[in-house]
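One structure is given here, and the rest of the page talks about it.
The values are calculated or read from the model by the stated rules, or taken from the named source; none is laboratory data. Predicted, not measured: the structure shown is a model, and the values here were computed from it. Cβ sites come from the backbone with ideal geometry, for glycine too, and all protein chains shown count toward neighbours.
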Amino acid sequence: MALMFSSGMAAISTALLSHLRAGDHLVVQTGIYSGAANFVRRHLPPAGIEVSFTSGTTRIDVANSVRPNTKAIYIESPTNPLLGIVDIGMVAALAVERGLLTFIDNTVATPINQNPLRAGIDVVLHSATKYLGGYGDITAGVAVGSQKILSPMVEYINDYGGCLNPQACHLLERSLLTLALRIDRINYNASKLADMLVQHPCVSSVRYPGLADHVGHETAKRQMTGFGGLLTFEVKDHVDLRTFQRALQLVMPANSMGEVATTLNSPFEASTSFRNLTEEQQRAFGVSRNMIRMSVGIESIDDLSADLDQALKKSGTD
């Protein structure tokens, strides 16, 4: 069963509010999407719902966060923008042992690359604005799960007004026809660009689940059929990020992701969640001023590689 929402955050907030009550406790994986993190921090505690963020993503990290009043665990894999990986099957098994509900944001992976329901997760959430929509012309969210689990959410959709309008439903149905084709090409392009950027003299580091040295690569390889279109890289200190973005001719600087067109942005500049942190907090989270998050599209891989290369060289000395 699936429910459609007016946005990804509408899906996330409805899923949590319909299953959590005052006195409950929610375990949240560290490093989740900043919008979801802000929601659980700002709005759940005033409703009497306790929230704890894990210190890491191992079984011990998650288990140590569970309390007697814990009701659910919320995870995301890969995370946006740092591509953190969590063992989905491990979390699902732990939840079964403790009698807990599980929620996962599967936006970055997409259902083509990863199927958390098969691993035992209760509710799978997507910002359909991203890869499911794919063309930059809708805002939508999706929750997928059993009828029993999703039924309580229907009342909240009606009462809070987070339902998806008919035109957006039509456009999303159109987009799903090409989802598998788009993700296949996006997986290929992102893998090639990750390999290219690792070797580039203007780049200091690359985060991509498909890279052998990526933290969590073996877990990602086991639970994903493709590594997705999101990659994050850091440029060296002599590279000016604004000059780099202005020099791009094909890749578009934009806050969007998951579209057929390749886009990129600076997580530090684009997100107030990161910008408002102290430098020490930014380092602890893993976000730096030299970081670029790139959402790879379906263009020619040769054209994408050439555009990134020329822009990097124009913005710094190799």
Selection from segment 214-228 of residues that are in contact with a helix residue (DSSP H, G or I) (Cβ under 9 Å, 6 or more places away or on another chain) and either over 12 Å from Val86 (Cα atoms) or of a type outside the set (D, E, K, R) (or both): His214, Thr219, Gln223, Met224, Thr225, Gly226, Phe227, Gly228
Only listed residue being modelled with pLDDT of 95 or more, under 12 Å from Tyr131 (Cα atoms) and part of a helix (DSSP H, G or I), chosen from Leu150, Leu181: Leu181
Flag for Leu150 being closer than 30 Å to Leu231 by Cβ and either within 23 Å of the chain's Cα centre (by Cα) or crowded, with 18+ Cβ neighbours inside 10 Å (or both): no
Residue list for segment 85-103, restricted to those being farther than 22 Å from Ser13 by Cα and either in contact with a Leu (Cβ under 7 Å, 6 or more places away or on another chain) or in a loop (DSSP other than H, G, I, E, B) (or both): Ile85, Asp87
Given (1) without any contact (Cβ under 8 Å) to a residue 40 or more places away in the chain; (2) outside any helix (DSSP H, G or I), index of the condition Val40 fails: (2)
Test result for Leu17, at pLDDT below 95 and either assigned to a loop (DSSP other than H, G, I, E, B) or closer than 18 Å to Asp122 by Cα (or both): no
Residue match in segment 37-49 (condition: among the small types (Gly, Ala, Ser), under 18 Å from the mean Cα position of the chain (by Cα) and closer than 30 Å to Asp184 by Cβ): no
Selected residue [buried (at least 23 other Cβ atoms within 10 Å of the Cβ) and in a loop (DSSP other than H, G, I, E, B)] from Pro78, Pro68: Pro78
Long-range neighbours under 7 Å by Cβ, at least six apart or interchain, first residue closer than 29 Å to Val96 by Cβ and outside the structural domain of Ile75 (by TED's automatic domain parsing) within segment 122-149, second of a type in the set (S, T, N, Q) and surrounded by 19 or more Cβ atoms within 10 Å (Cβ to Cβ): none
Qualifying residue in segment 78-90 (condition: farther than 27 Å from Leu211 by Cα and without any contact (Cβ under 8 Å) to a residue 40 or more places away in the chain): no
Helices (runs of 4 or more DSSP H) fully within segment 262-318 counting 1 or more residues that are β-branched (Val, Ile, Thr), touching a helix residue (DSSP H, G or I) at 6+ places or on another chain (Cβ under 9 Å) and at pLDDT 95 or above: 301-315
Flag if Thr225 is in a loop (DSSP other than H, G, I, E, B), β-branched (Val, Ile, Thr) and modelled with pLDDT of 95 or more: yes
Residues of segment 159-203 satisfying the condition of being of a type in the set (Gly, Ala, Ser) and exposed (fewer than 15 other Cβ atoms within 10 Å of the Cβ): Gly161, Ala180
